[in-house]
Amino acid sequence: MGPGPSDVAPSVLRAMSLPVLGHLDPLFVAMMDEIKAMLRVVFQTKNAMTFPVSGTGSAGMEFCFVNLIEPGDEVIVGVNGVFGGRMVDVAERCGAKVTKVESPWGKIIEPSQIAEALKGRRPKIVAIVHAETSTGALTPVEEISKLAHQAGALFLLDTVTSLGGWPVRVDEWEVDEIYSGTQKCLSCPPGLAPVSLSDRAMAVATNRKTKVQSWYLDVNLLASYWGQERVYHHTAPISMNYALHEALRLVLIEGLESRWKRHQANHELLKKGLTELGLSIASQPGHQLWQLNAVTVPEGVDEATVRKALLNDFSIEVGAGLGPLKGKIWRVGLMGETSKPEHVETFLRALRGILKK
Ligand code: PLP
């Protein structure tokens with residue numbers, strides 16, 4: 001019940017133990033097509049360039065920045081937690097001139113802040129973290145996407161923690177580049193980073209003046225492997241792709257709407273139980289994530305002692321606060337397979353006992 005990885009369904013683990021095919025085997029190639037098709041449904045997009053990058057969520061982040069940025073490009077990044085900060089670092093390493101739009105940790109990035117930052121600027125990218133895992137806040141992005149496009153910029157979105165547990169609508173929100181990770185609400189082990197690029201983003205990536213600085217993450221090369229040509233680029237992590245195929249199949253069997261409702265219901269159950277214990281959620285009211293709950297540590301309680309007791313006495317893992325929230329919150333994950341009422345009840349019972357002691 002931490003900030004990810006989440007629990008993995010037995011059928012996903014079984015899929016990983018199947019014999020390893022070659023990365024150009026016709027059966028594997030057919031499976032790649034099914035993964036792409038299922039990812040398009042989960043991302044709610046028709047984007048042709050939708051596939052899993054080999055690597056964790058951070059590889060998805062790097063992929064998105066390295067393919068669009070050329071040295072000297074201007075980028076605006078919303079920073080309201082760890083992962084916005086990481087985006088800044090990645091963009092700067094690509095040679096971008098970055099303007100940070102900052103909100104206190106736990107709060108969202110407001111469209112008015114982005115509008116202000118766009119005044120007199122024509123950046124290439126506006127980048128936002130949808131679900132900030134370090135704080136439990138969900139930034140609504142439709143308005144920000146519109147502002148970015150009005151300014152002639154591309155809109156880039158991190159959905160590592162939102163995809164599969166909260167609505168993500170790539171085409172409706174006109175997101176140009178999006179990445180996620182497998183280990184949160186998709187309930188697959190860590191190791192792949194689903195990405196999707198709009199035609200507009202693809203055009204920018206293919207018409208660059210300079211080569212993409214990363215050979216491994218160059219979408220122009222990866223397109224030949226994940227597209228129709230099937231030219232060898234790197235040896236795909238076969239077993240991870242089996243796992244993602246099965247995890248996506250489970251997401252679609254449940255249905256996106258039902259999955260989102262389940263995440264919401266279990267968040268509300270947790271919140272009700274926390275209120276009964278006199279506890280509350282620290283992130284901005286009205287923008288609290290269902291899948292990552294930042295629980296305020298009460299006065300006089302040592303957060304690490306409680307976290308260790310949860311792990312040692314009840315085998316329940318929760319996350320600690322990071323940065324300015326260190327020592328102030330517990331991060332309770334209800335992601336994918338972990339989002340179950342019985343987990344919420346067990347957690348609340350354990351927490352009640354520990355706090356009483
Ligand atoms: N972005 C967000 C919002 C995350 O929560 C994480 C990981 O927790 C990442 C990016 C980086 O993903 P990974 O740790 O899989 O590389």
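A 28 angstrom limit on the alpha carbon distance is what I want to check against. Which of K107/K146; K119/K326; K119/K328 exceed it? Flagged as over cut-off: K119/K326; K119/K328. Shown here for the range 212-280: GluC sites (Glu not before Pro) in loop regions (DSSP other than H, G, I, E, B) with at most 12 other Cβ atoms within 10 Å, namely E229.
The trypsin sites (Lys or Arg not before Pro) found in the range 1-108 that occupy coil by DSSP, while having at most 16 further C-beta atoms within 10 Å, are K46.
Applying a length cut-off of 18 Å (Cα extent along the axis) and a mean Kyte-Doolittle floor of 1.0 to the DSSP H helices of the chain leaves 26-43.
The residues packed around V301, meaning those with a beta-carbon under 14 Å from its beta-carbon, carry a net charge of +3 if Lys and Arg are +1 and Asp and Glu are -1.
Would you compute the Debye intensity of the chain from its alpha-carbon atoms alone, equal scatterers and no solvent, and pass along log10 I(q)/I(0) at q = 0.07, 0.08, 0.09 Å⁻¹ to two decimals? Treating every Cα as an identical point scatterer, log10 I(q)/I(0) equals -0.30, -0.39, -0.49.
Mean residue ellipticity at 222 nm, helices only, the chain: -13000 deg cm²/dmol; runs of at least 4 DSSP H residues each add -39,500 (n - 2.57), and the sum is divided by the number of residues.
Which is the longest stretch in the chain that no exposed loop site breaks, taking sites as chymotrypsin sites (Phe, Trp or Tyr not before Pro) with a DSSP loop state and at most 13 other Cβ atoms within 10 Å?
On the way: sites that count: W215, Y232.
Answer - 1-214.
Within a straight-line Cα-Cα reach of under 18 Å, K357 can be paired with the following aspartates and glutamates, leaving aside sequence neighbours fewer than 8 residues apart in one chain: E276, E299, D302, E303, D313. If you take every residue apart from K209 with its C-beta less than 14 Å away from the C-beta of K209, what net charge results, scoring Lys and Arg +1 and Asp and Glu -1? That sum, taken over residues with Cβ under 14 Å, equals +1. All other residues whose Cβ lies under 13 angstrom from that of L24 are scored, Lys and Arg at +1 and Asp and Glu at -1, for a net of -1.
Every number in this text was worked out from the coordinates using simple rules, so none of it is lab data. The structure presented is a predicted model; accordingly, all values stated were derived computationally and were not measured. Cβ sites come from the backbone with ideal geometry, for glycine too, and all protein chains shown count toward neighbours.
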